[in-house]
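Down below is the structure, laid out as structure tokens.
Each reported figure results from applying straightforward, stated rules to the coordinates on display, with no laboratory input. Everything numeric in this text was worked out from a predicted model, so none of it was measured. FYI the Cβ positions are ideal-geometry reconstructions off the backbone, even for glycines, and counts take in every protein chain you see.
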Amino acid sequence: MDLDYSADERAFRDHVRGWLRANLPAPMRDKVVRYAPLDRDDLLGWHRILAGQGWIAPSWPREWGGTGWNVVQRYIFEEECGYAGAPPLIPFGLAMCAPVLLEFGSDAQKRRFLPRIYRGDDVWCQGYSEPGSGSDLASLRTSAVRRDDRYIVNGQKTWTTIAHLADWIFCLVRTDAAIERKQEGISFLLIDMKTRGITVRPLPLMDGRHEVNEVFFDDVEVPIENRVHDEGKGWTVAKYLLGHERMNTARIGTSKRELERLKAFAAAQSKNGAPLTDDPRFRDKLSRVEIELMALAITNLRFLDQLRGGRVPGAEVSMLKIKGTEIQQALTELMLEAGGPLAQVLGPADPVDIGAPNDDFLAALAPRYCNMRKTTIYAGSNEIQRNIIARHALGL
Amino acid sequence: MNLDPSEEQRLLAASIERFVERDYAFETRRRIVASSDGYSQDVWRTMAELGLLGLPLPAAYGGFGGGAMDTVSLMEAIGGALIVEPWLATVALGAQLIARGENDTLRELRDEQRRRILPAVAEGRLKLAFAHAEAAARHTLAHVATRARANDGGYLISGVKRAIPQGACADLLVVSARTDGDDSDVEGLSLFVVERDAPGVAFTALRMLDGTRAADVSFDEVRVPAQALIGAPDRALPLIEEVVDFATALVCAEAVGAIKSANDATLEYLKTRKQFGVAIGSFQALQHRMVDLAIEYEQAKSIALLACSAVDTGHDAAARSRTVSAAKARIADACRKVSQESIQLHGGMGMSDEVKISHTFRRLTAIAQQFGDADHHLARFAALS
């Protein structure tokens, strides 16, 4: 057994690392590491740079632009991007809608949507959660009633990330309200956000940023050719997609970068006239997170190794999501703690400054801490992940 | 032992409860936080009329002569309703420093100072702030680089104070400055009353994580008369520690109110939010977590009461500080656990700015580090043990 990458894998990593160094624009990286808000141009800008290199969709089949990398190479690539401070890619098109289309879509749907997703022509968002349906996703109520060659969609989605920037939304809708097993009356629709009857309302989060929305559907007409898979098969699609959503949540590379940042930041803070990193209480907490991250990095590789043969990931990804998000949160919490009393300052009270971008790293720490609480809630809360492990891995 | 509140304390608690219900609904608070002043003058007036601004001030100067124990119901209400008005800065810090500072050589001047300021505080006419914290100080009270140089029978103050709670709206500042020694010496600190509009004082108003306002305040050769001194020159640190201990004990009680509010909201959510056809509170995994939060509340309440009692009765400064640090270390842990768990148990709803729990989360996060975080108070507790 050898826990190190092979010579080939190391060469691949060095190649990716070198390319990132040369091609990740400094202003983009700067925004990421300062926790500054990323706009549509930042997110799509990086998408298009990767698309130009042919690296935007490594896991897709080669005919649609995939790189042919194996799971370890794909992991190395993602971790290097995170470690380098590349903007996160919007997952809704690339990592969620596209795999669904590749698995269940018609040829016409693939030809229509995949090249646009690849190039970053459209921003996608995900219409899953509803006010009454969070962890219990299958209880969703947004209805789609068939009328001739279209569906008439009515209802509401919530917590819809970047709906305000999106061109398209993929939605789980109820096409059969009468069926007894609630999972069986659900279908999967692709909806153009410009369609009449769609209203997007911002849902401000506690960090003050506009990231998620409520999306209202009022007699929205959706052509029948925008349904993916058969009518009533939406739950099959959703389950397939949830596996994909949880594939990359450990974020080892990003957390390694944040850990380095935290160490440097804490060393620059003074406590009783010495660097904060000299304080044994703080140093112990820092060390514990680092150790947990060291273990998780290997856990992640061990799970990947098991997938090399092409096995579909199971409960392992739930473990990666739980530990990965706990580490991300611990890092942001320690960063806020390191910032001390002055990290409680959000910015000047002068109204003209409210909402203006704040360049002060210290002032970004508290909103960041607030924002990162979402990670243990989104993409299947960590409670749901534990249920999955209990049921599917442990047989409880 | 008598754990029952006195008749007066019971009446006060009832009147505070009515005030909060009537004047401080969450939507009202939202408007107050968003207003240009960041606090409500109407609410401040009401607090004065209810006698809340004079609660722990000496009876001889317009107050009610109460101690920390008498403020518990008020502090819990401030925590529960997330009241942003400058009560703690004005009454528990600024006014306490003025009320408690002793100076044998300037006894008459001291009385004049108290007569001029304390009744006006009780009546709601003066708001105070304690301009003490500096950039490099973190939580160390002795660390003061601001200097006060004797000059022409008075003093010239120069330095920069950072993120002074409620500094934005204060009429008078109690400023700590070094009249002797190096930045971290325990000797050589003095306290001065400085008018808001004194020449050389400059403010930058700040928004804080918990919705309150603060200010960076700079002093550029600010001239104050000798009568501006509070207590004895060069020996202010014991007074600062005493008053900060007092305010810390009160903030612990405030945390208890915020924790209660968070737990009530979370429990209600567990009982009413339905997923998989049942209330999520029927899931044992969540029940046990809610139980742990209920236990956090009880432990927090107990240690806060212990701290309030210690600052009221403690003649031994070390014993008092030790108990206050015990409380603050424990309360900081409770703040962290309760705030994080209440967001998690609320799910996405807990992340929303439109729901009170996310604001309670922010206040609890702020309290966890206010007057020193858990590590600071653990170290202080251990050092005093």
* Structure fact -> The FRET efficiency for B:R100 and B:E354, from their Cβ-Cβ distance with R0 = 45 Å and rounded to 0.05, is 0.60
* To do: Only helical DSSP H runs with n ≥ 4 go in: add -39500 (n - 2.57) per run for chain B, normalise by residue count and round the 222 nm mean residue ellipticity to 500 deg cm²/dmol.
  => -17000 deg cm²/dmol
* For B:V186 and B:R18 in the same chain, what is the full-extension length gain: residue separation times 0.36 nm, less their Cα-Cα distance, in nm? -> 56.0 nm
* Asked: In this model, which of A:K31/B:K337; A:K31/A:K263; B:K271/B:K337; A:K31/A:K110 are farther than 25 Å apart at the alpha-carbon?
  -> A:K31/B:K337; A:K31/A:K110
* To do: Please build a GNM for chain B, connecting alpha carbons under 10 Å apart, and tell me which residue among B:Q284, B:Q166, B:Q96 fluctuates the most.
  => B:Q284
* To do: Name the residues whose placed amide hydrogens come within less than 5 Å of the amide hydrogen of B:I230, ignoring near sequence neighbours (fewer than 5 apart) on the same chain.
  => B:L191, B:F192, B:V193
* **From phi via Karplus (6.51, -1.76, 1.60), per-residue ³J(HN,Hα) for region B:299-314 in Hz, x at Gly/Pro** => 5, 5, 4, 5, 6, 5, 4, 4, 5, 5, 5, 5, 6, 7, 10, x
* Please identify, among B:E102, B:E221, B:E21, the residue showing maximal mean-square fluctuation in a Gaussian network model of chain B using a 10 angstrom Cα cutoff. => B:E21
* **region A:182-187 - phi-based ³J(HN,Hα) in whole Hz, Karplus 6.51/-1.76/1.60, Gly and Pro as x** => 4, 5, 8, x, 9, 10
* Asked: So what is the 222 nm mean residue ellipticity for chain A from helices alone, if each DSSP H run of at least 4 adds -39500 (n - 2.57) and you divide by all residues, rounding to the nearest 500 deg cm²/dmol?
  -> -14000 deg cm²/dmol
* Structure fact -> By the Cα gyration tensor axes a ≥ b ≥ c (a/c under 1.5 gives rounded; else a/b larger than b/c gives prolate, otherwise oblate), the shape of region A:1-81 is oblate
* Structure fact -> With Cα springs under 10 Å, the Gaussian network model of chain A assigns the largest mean-square fluctuation among A:L259, A:L242, A:L101 to A:L242
* **Amide H within-cut-off set for A:R146, under 5 Å, with H built and near neighbours excluded** => A:I152
* Going by alpha carbons, how many degrees (0 to 90, nearest 10) lie between the helix axis of B:107-122 and the longest principal axis of chain B? -> 30
* Asked: With contacts defined as alpha carbon pairs under 8 Å and 6 or more residues apart, what's the relative contact order of chain A in percent?
  -> 14
* Structure fact -> In whole angstrom, the spacing between the Cα centers of region A:69-129 and region B:142-162 equals 60
* **GluC sites (Glu not before Pro) within region A:154-238, DSSP loop, no more than 12 other Cβ atoms inside 10 Å** => A:E180
* Helix A:280-307: angle to the longest alpha-carbon principal axis of chain A, degrees 0 to 90, nearest 10? -> 40
* To do: Measure nothing but the geometry: give the 0 to 90° angle between the long axis through the Cα atoms of A:71-84 and the longest principal axis through the Cα atoms of chain A, rounded to 10°.
  => 60
* FRET efficiency for A:R40 and A:T195, using Cβ-Cβ distance with R0 set to 25 Å, rounded to 0.05 -> 0.80
* Asked: Rounded if a/c is under 1.5, else prolate if a/b beats b/c, else oblate: with a ≥ b ≥ c from the C-alpha gyration tensor eigenvalues square-rooted, which is region A:49-90?
  -> oblate
* To do: Report ³J(HN,Hα) in whole Hz for each residue of region B:323-340, in order, from the Karplus equation J = 6.51 cos²θ - 1.76 cosθ + 1.60 where θ = phi - 60°; Gly and Pro get x.
  => 5, 5, 5, 4, 5, 5, 5, 5, 5, 4, 5, 5, 4, 5, 5, 5, 5, 5
* To do: Under 1.5 on a/c is rounded, so check that first for region A:174-264, then, if it is not, pick prolate when a/b is larger than b/c and oblate when it is not; a ≥ b ≥ c are the square roots of the alpha carbon gyration tensor eigenvalues.
  => oblate
* Asked: Suppose R0 equals 60 Å; then what is the FRET efficiency for B:H288 and A:H15 from their Cβ-Cβ distance, rounded to the nearest 0.05?
  -> 0.75
